[in-house]
Amino acid sequence: MYPMTPDGRYFVVKGQLWRCSNPLLNEDVRQRLVNDLMTARREVKAAKASSDDGELTVAREHVQAAKVALGERGPVWWNDGSPDFNKRQVANTPYAEWYRSLSTNR
């Protein structure tokens, strides 16, 4: 399991922050969106295999739409004015000290 920031906004993979899904989504809605995302990712795989650039563009648009709906991309789902650090190296963010403390506590 990847470490999640104390505020629940990001998880860390290889030192990079990735935005979590909006925790305020209704579970049924969240699951439908996750299913849509998985379908879109399979579409990307199929489009790559067929070397169809048009299909690949559409499939990637479907992935983007699902991720925005989940809150993983696009406008942030929190409303306290904090900036978005999605896809940033954790060492270059306010979460750096928290992340360093994880390795010293293990």
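Each reported figure results from applying straightforward, stated rules to the coordinates on display, with no laboratory input. Just so it is clear, the model here is predicted, and its values are computed rather than measured. In this analysis, Cβ positions are derived from the backbone assuming ideal geometry, glycine residues included, and neighbour counts consider all displayed protein chains.
Each of ASP36, ASP7 has some number of other Cβ atoms within 10 Å of its Cβ, and from fewest to most they run ASP7, ASP36.
Couplings 3J(HN,Hα) of region 15-24, computed from phi: x, 10, 7, 10, 5, 7, 5, 5, x, 8 Hz, in residue order, whole Hz [Karplus 6.51 cos²θ - 1.76 cosθ + 1.60, θ = phi - 60°; x for Gly and Pro]. Near the amide H of TYR10, within less than 5 Å, lie the amide hydrogens of THR5, CYS20, all on another chain or at least 5 residues away, with H placed in the peptide plane. In terms of other Cβ atoms within 10 Å, GLU55, GLU27, GLU61 run from fewest to most in the order GLU27, GLU61, GLU55. A cut-off under 14 angstrom between Cβ atoms defines the neighbours of ASP84, and their net charge, with Lys, Arg +1 and Asp, Glu -1, is +3.
Dipole magnitude for region 33-106: about 380 debye, using +1 per Lys or Arg Cβ and -1 per Asp or Glu Cβ, origin at the Cα centre. Between ASP52, ASP80, ASP28, find the one with the highest GNM mean-square fluctuation for the chain; connect C-alpha pairs within less than 10 Å. Among ASP52, ASP80, ASP28, the largest mean-square fluctuation in the Gaussian network model of the chain belongs to ASP80.
Per-residue Cβ neighbour counts within 10 Å put THR57, THR5 in the sequence THR57, THR5, beginning with the fewest.
For the chain, what class follows from the C-alpha gyration tensor (a ≥ b ≥ c being the square roots of its eigenvalues): rounded when a/c is under 1.5, otherwise prolate if a/b is larger than b/c, else oblate? Cα axes put the chain in the prolate bin.
Dipole of the chain computed with +1 at Lys/Arg Cβ and -1 at Asp/Glu Cβ about the Cα centre; of HIS62, CYS20, TRP78, farthest Cα towards the positive end is CYS20. Once both axes come from the Cα atoms, what is the angle between helix 53-70 and the longest principal axis of the chain, in degrees from 0 to 90, rounded to 10? For 53-70 against the chain, the angle is about 40 degrees. So what is log10(I(q)/I(0)) for region 25-71 at q = 0.13, 0.14, 0.21 1/Å, when the Debye sum runs over its Cα atoms only? These q points yield log10 I(q)/I(0) values of -0.29, -0.33, -0.62. Per residue, the average separation of C-alpha pairs within less than 8 Å and at least 6 apart gives the chain a relative contact order of 31 percent. With both labels modelled 7 Å from their Cα along Cα-to-Cβ, the ARG32 to ASP80 distance reads 3.0 nm. Taking 0.36 nm per residue of separation and subtracting the Cα-Cα distance, full extension of the segment from SER21 to ASP53 would add 8.6 nm.
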